[in-house]
1. Do you know which residues across the stretch 101-132 are in a loop (DSSP other than H, G, I, E, B), aliphatic (A, V, I, L, M) and in contact with a Pro (Cβ under 8 Å, 6 or more places away or on another chain)?
2. If you check Ala98 against the conditions, is it part of a strand (DSSP E or B) and either assigned by TED's automatic domain parsing to the domain that holds Ala46 or at pLDDT below 95 (or both)?
3. Would a scan of the stretch 90-99 turn up a residue that is hydroxyl-bearing (Ser, Thr, Tyr), closer than 16 Å to Pro33 by Cα, in contact with a strand residue (DSSP E or B) (Cβ under 6 Å, 6 or more places away or on another chain) and exposed (fewer than 15 other Cβ atoms within 10 Å of the Cβ)?
4. Just checking, which of Val88, Val123, Val118 is hydrophobic (A, V, I, L, M, F, W, C), within 27 Å of Ile69 (Cβ to Cβ), in the same structural domain as Thr60 (by TED's automatic domain parsing) and in contact with a Gly (Cβ under 6 Å, 6 or more places away or on another chain)?
5. Go through the stretch 101-140 and count every residue that is hydroxyl-bearing (Ser, Thr, Tyr) and at pLDDT below 95.
Amino acid sequence: MKKIAFTLVCLLGLSAFAFAQNAAQATASAKAPAFKWEKTTHDFGAIPQSKPVTAEFKFTNSGKAPLIITAAQGSCGCTVADFSKEPVAPGKTGFVKATFNAAAMGPFTKTVTLTSNVGTTPVQLTIKGEVKAASTQPAQ
């Protein structure tokens, strides 16, 4: 009988611990920062070769705590990213700019991966388009 009572007490204790953890996580995520993006993909369409292009991605912090971007990494050396360096307060806006060096001709799809204090999954922004030969019209 004592073994059964001990087992029930242990199960009850584990259940209470799991419930407390879930409640703490729900409270923490309710107070966390959150991205609300205007867009996460930008299509440049056709762009001329050898002319870098820049896309700006704007976001609002729709959470309850300051949003901090700690890094923005392009998927290759041809994509450079800039971003809001200061914490973005709840309700305020920030940006990420992705500049693509259009050196090689042909279609492209590149990403910028953000590391921030929003969850554990990095955010990916996408730029795409097609690099065409620069027009060779004589100057007038």
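The values are calculated or read from the model by the stated rules, or taken from the named source; none is laboratory data. What you are looking at is a predicted structure, and each value in this text was computed from that prediction instead of being measured. Heads up, the Cβs are rebuilt from the backbone with ideal geometry, glycines too, and the neighbour counts pull from every protein chain shown.
1. Ala102, Val118
2. Taking the combined requirement at face value, the residue satisfies it.
3. Yes, because at least one residue in the stretch 90-99 is hydroxyl-bearing (Ser, Thr, Tyr), closer than 16 Å to Pro33 by Cα, in contact with a strand residue (DSSP E or B) (Cβ under 6 Å, 6 or more places away or on another chain) and exposed (fewer than 15 other Cβ atoms within 10 Å of the Cβ).
4. It is Val88.
5. 4
Per-residue answers, yes or no, for (1) under 15 Å from Phe57 (Cα atoms); (2) touching a residue at least 60 places away in the same chain (Cβ under 8 Å):
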| residue | (1), (2) |
| --- | --- |
| Thr79 | yes, no |
| Asp82 | yes, no |
| Val88 | yes, no |
| Phe95 | yes, no |
| Ala98 | yes, no |
| Lys110 | yes, no |
| Val118 | no, yes |
| Leu125 | yes, yes |
| Lys132 | no, yes |
